[in-house]
Amino acid sequence: MFAVRKVLVGTLALLWLAAASASAEGSPVWEVRGEGGFLIGGTIHMLRPRDFPLPEVFEHAYDVTDTVVLETDLGALVEPEIQRLMAERGFQRRGRTLADDLKPDTWERLTELAEELGIGIALLEGMRPAFAGLTLARAMLERLGVTEMGIDGYFYHRARADGRPLVGLESAREQMLLLLTLGDDDPDGFLDANFDDLERATALIDDAIDAWRRGDFELLHERVIEPSRLDDPVSYRRLFVERNAAWLPTLEIFADSDEREFVLVGAGHLGGDDGLLAALSAAGYEVQPWHRETESGGAYE
């Protein structure tokens, strides 16, 4: 999942694409080296059946590393605590409806989209803005054929089956609370920006996934991430800038340790001036696209 800016990593899991610099030797997996090193892959959180198999570089990266690092523990997202949180923060207080939170124009646009997607408006009326946005996004993605777990889920289940260590960069509660409170300060602006993303998704999905497979992250940044940032800078800051800053100290530990981690994060976290690749490079680490045949220093044998 990627073109809907707010959605993601857990319920359907938030869908974001990458924005690292493109080159002829681009790759969806990068190597970060300090005194030690790790591999980091930009992921799409949901995919279409025809998007499998994944680019081989992901399989190679899994084979030569020891620990899988995800944004959060995907298994924890179905635990009772998280389900209670969704019920408490995803739905309106008694006596209120979603229409009470929105201007008439936004409500009209929402009802038109819900009708187009075959969603009964009564289902949405009891939701808060973020949860309604997630529901519309899921329906749109299903219409586009995006029905399969993405790269994060694929390697989560594989690591569990293989007994491979799994690490999360943030707790499931932190992630879900963030997703459920997006747009609280400006529900109209939040939903309008989501509607714009949903419209872009239809036009961009084939080209965007093709560009991701080729490692053409400059195109993805230009066409997916930057419009979202301009439409809703507050959500962009909360989803990307603040979380990247929170994750960076852990990634620096990985870069200087002898352990071999395979880090998988939504690819929108990697590129651009606010991205993890730029931050790691600025911190003095060597950051470059990774290919199995060009492993540096024999670190991944």
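Coordinate-derived values only; no laboratory data. Computed from a prediction, not measured in an experiment: that's the story for all the values here. Every residue, glycine as well, gets a Cβ built from its backbone with ideal geometry; the counts of neighbours run over all protein chains shown.
Taking 0.36 nm per residue of separation and subtracting the current Cα-Cα distance, fully stretching the chain between GLU199 and ARG292 would add 29.8 nm.
If the segment from ALA76 to ALA246 were pulled out straight at 0.36 nm per residue, it would be longer than the present Cα-Cα gap by 59.2 nm. Each Lys and Arg Cβ is given +1 and each Asp and Glu Cβ -1; about its Cα centre, the chain then shows a dipole of about 880 debye.
For segment 236-270, the residues whose backbone nitrogen is under 18 Å from a point 7 Å from the Cα of LEU166, taken along Cα to Cβ, are 261-266. For the chain, the relative contact order works out to 40 percent when only alpha carbon pairs closer than 8 Å and six or more residues apart are counted.
Between GLU174 and THR97, the C-beta separation translates, for a Förster distance of 22 Å, into a calculated FRET efficiency of about 0.20. Quick one: if you stick a label point 7 Å off each Cα along the C-beta vector at ARG143 and ALA87, how many nm between them? In this crude label model, ARG143 to ALA87 measures out at 3.1 nm.
The order of the peptides 240-249, 149-158, 129-138 by mean Cβ neighbours within 10 Å, most packed first, is 129-138, 149-158, 240-249.
With semi-axes defined as the square roots of five times the eigenvalues of the C-alpha gyration tensor, the equivalent ellipsoid of the chain measures 34, 19, 17 Å, largest first. Just how far, in whole angstrom, is segment 75-110 from segment 170-224 if you go by their alpha carbon centroids? If you average the Cα positions of each part, the centres end up 19 Å apart.
Within the listed set ASP232, ASP105, ASP273, the Gaussian network model of the chain (springs between alpha-carbon atoms below 10 Å) gives the highest mean-square fluctuation for ASP105. Can you tell me how segment 119-244 classifies by the Cα gyration tensor, rounded, prolate or oblate, using a/c under 1.5 as the rounded cut? The shape class here is rounded. Taking every DSSP bridge with both residues inside the chain, close to 50 percent are antiparallel. The packing ranking, built from the mean of other Cβ atoms within 10 Å per residue, places the peptides 111-118, 277-284 in the order 277-284, 111-118, highest first. Which residue fluctuates most in the GNM of the chain (Cα springs below 10 Å): VAL68, VAL78, VAL224? The residue with the greatest mean-square fluctuation here is VAL78. On full extension, the segment bounded by ARG213 and ASP256 gains 12.6 nm, given 0.36 nm per residue less the C-alpha separation.
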